[in-house]
Amino acid sequence: MRHHPGDDILLAYASGVSDEATGLVIATHLAFCAQCRDAVSLMEKIGGGLLDALPPAPLAETAFAATMARLDSAPPFARPARTASRDGTPEPLRSYLGGDLSSVRWRRMGPRLAYLPLLRRGGTSAKLLRGSPGTEVGAHTHRGLELTLVLKGGFTDVTGNYGPGDLQVADGSLRHSPIADPGEDCINLAVTTASLKFENFIQKIAGPIFGF
Amino acid sequence: MTGEAAELNALLARVATLRDRAAFAALFAHFAPRIKSYLMRQGAAPALAEDLAQEAMLNLWRKAHLFDSSKASAGTWLFTIARNLRIDVLRKEKRPELDAADFAPEAEPDPGDGMMLAAGEIRLREALKILPPDQMRIVELSFFADKPHSQIAAELDIPLGTVKSRLRLAMARLRAALGDRP
């Protein structure tokens with residue numbers, strides 16, 4: 001793995017600032033990447049240190065007794081039963097897909113591209129994208145931030161080559177036209193905070209229809 | 001501080017193994033007012049922050065058996081509980097979470113005697129105390145302001161690049177203190 005989110009993006013996830021769609025992409029990258037898991041674990045420890053150092057805000061006198069009175073009706077938490085993945089699809093992606101990557105019901109978008117919307121909150125959306133080998137997405141720039149995590153296969157653009165687990169962070173300063181690598185389908189999990197700006201006429205019209 | 005953190009871990013282990021109410025009461029006295037303080041900094045009104053602090057402590061009671069004192073301090077664990085409650089209740093979103101079983105063999109947490117607190121985390125807290133003020137400000141805002149870094153930069157009237165470089169410097173110091181990367 002060569003491409004990781006920066007500390008600022010990891011910190012937004014660790015501190016709870018990230019929106020849910022961005023959190024989904026970051027957490028799924030973490031499932032691939034021990035180095036970034038360590039970074040997030042460090043950040044949570046910083047959060048613990050900051051919490052412990054905060055000046056206490058006293059609670060009402062009744063609060064303690066009220067909590068104690070609820071203990072007996074608060075049974076130990078039981079983890080939900082874990083369903084094994086047959087193709088290694090990690091959490092949290094598996095929960096959002098409702099199953100494995102290999103059993104996704106794709107929506108076609110032309111002969112070589114397929115997609116599946118996963119989550120939309122305001123202008124931010126997360127979706128799965130699948131391109132057959134050699135597929136070109138078409139030159140585009142970005143109105144907001146685009147995070148792309150490779151799940152299978154790979155793609156190449158002006159910034160380099162991306163394989164499984166790699167995460168690309170693209171902002172307003174990047175113009176690129178990613179091409180799926182030869183060999184196998186490229187499957188990505190992508191989140192955008194605003195729609196993309198395509199340069200090709202057809203894509204300009206088709207983009208908004210498919211929610212890009 | 002060293003002794004206090006180990007003591008809190010030991011109290012949490014007593015809650016996990018013995019359902020010890022006196023230990024729970026001591027944890028409540030320490031953490032509930034800090035969690036309330038944390039949530040108020042995130043913009044919660046005092047009454048809501050107080051309700052959620054109690055909810056967080058109830059979560060501690062219910063989940064104590066999942067706490068692994070070899071991985072983190074009680075304070076860090078409580079931070080993640082309070083953070084997730086905030087996302088859940090204040091923002092009405094889910095927090096996408098990893099499942100450790102996807103990349104590590106399933107291991108039952110061992111509450112042990114609570115004395116296993118990693119020395120690294122104690123060094124980390126010492127390093128946090130002596131962070132240069134301009135770096136500390138960015139770290140604190142990152143955790144408490146609930147705002148993206150672009151907005152933090154705008155409010156402090158400094159370039160986004162400066163925010164990011166201060167953050168990078170702070171992270172490098174703290175990472176070195178924890179002993180992840182010498």
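Each value in this text was obtained by applying a stated rule to the coordinates, not by laboratory testing. As the structure is a prediction and not an experimental result, all values here were calculated from the model. Here the Cβ is made from the backbone with ideal geometry for all residues, glycine too, and neighbour counts use every protein chain on show.
A quarter of the convex hull surface defined by the alpha-carbon atoms of region B:2-102 gives 6.9 nm² as the mean projection. Over chain B, dividing the summed -39,500 (n - 2.57) contributions of all DSSP H runs of at least 4 residues by the number of residues returns a 222 nm mean residue ellipticity of -21000 deg cm²/dmol. Partner shielding of A:173-183 amounts to 0, given as the average count of beta-carbon atoms from other chains within 10 Å of each residue beta-carbon. With a 10 Å cut-off around each Cβ of B:63-76, the average count of Cβ atoms from other chains is 3. Considering only the Cα atoms of chain A, their convex hull presents on average a projected area of 15.4 nm².
Cα convex hull, chain B: 141 Å³ per residue, rounded to a whole number.
Near A:L145, within a Cβ-to-Cβ distance under 12 Å, what is the net charge of the other residues, with Lys and Arg +1 and Asp and Glu -1?
Details: positive: A:R143; negative: A:D8, A:D19, A:E146, A:D171.
Summing Lys/Arg as +1 and Asp/Glu as -1 gives -3.
Taking all Cα pairs closer than 8 Å and separated by 6 or more residues, the relative contact order of region A:100-212 comes to 30 percent. With contacts taken as Cα pairs under 8 Å and at least 6 residues apart, chain A reaches a relative contact order of 21 percent. Ordering B:D51, A:D38 by the number of other Cβ atoms within 10 Å of each residue's own Cβ, fewest first, gives A:D38, B:D51.
Residue-wise HN-Hα couplings along region B:54-70, as the Karplus relation 6.51 cos²θ - 1.76 cosθ + 1.60 with θ = phi - 60° gives them from phi, are 5, 4, 4, 5, 5, 4, 4, 4, 6, 10, 3, 5, 8, 6, 10, 6, 7 Hz; Gly and Pro carry x.
Averaging Cα coordinates gives a centre for region A:62-123 and one for region A:152-212; these two points are 25 Å apart. In Å, what Kirkwood hydrodynamic radius results for region A:102-212 from the alpha-carbon pair distances? About 13.9 Å for region A:102-212. Sites counted here are GluC sites (Glu not before Pro) in a DSSP loop (not H, G, I, E or B) having no more than 13 other Cβ atoms within 10 Å; the longest part of chain A that contains none of them is A:1-183. Remark on the protein assembly as shown: hydrodynamic radius 22.5 angstrom, per the Kirkwood mean of 1/r across alpha carbon pairs.
The fraction of Cα-Cα pairs per 5 angstrom bin, counted from 0 for region A:117-167, comes to 4, 14, 26, 28, 19, 8, 1 percent, rounded to whole percents.
Going from the residue with the fewest nearby Cβ atoms within 10 Å to the one with the most, B:E4, B:E140 rank B:E4, B:E140. Neighbour counts of other Cβ atoms within 10 Å put B:K92, A:K45, A:K152 in the fewest-to-most order B:K92, A:K152, A:K45.
Per residue of A:10-21, count partner chain C-beta atoms within 10 Å of its C-beta, then hand back the mean as an integer. Present the calculation step by step, with values, prior to reporting the outcome.
Details: counts 1, 8, 4, 2, 5, 10, 15, 13, 5, 4, 7, 2.
What the average comes to for A:10-21 is 6.
Distance check, please: which entries in B:K92/B:K147; A:K152/B:K164; A:K45/B:K129 exceed 20 angstrom between their Cα atoms? Show your work: numbers first, answer last.
Details: B:K92/B:K147 16 Å; A:K152/B:K164 31 Å; A:K45/B:K129 14 Å.
Exceeds cut-off: A:K152/B:K164.
Only Cα pairs under 8 Å and 6+ residues apart enter the sum, and on that basis the relative contact order of chain B stands at 25 percent.
Karplus-derived 3J(HN,Hα) values for region B:159-171, using 6.51 cos²θ - 1.76 cosθ + 1.60 with θ = phi - 60°, are x, 4, x, 5, 4, 5, 6, 5, 4, 4, 4, 4, 4 Hz; glycine and proline are entered as x.
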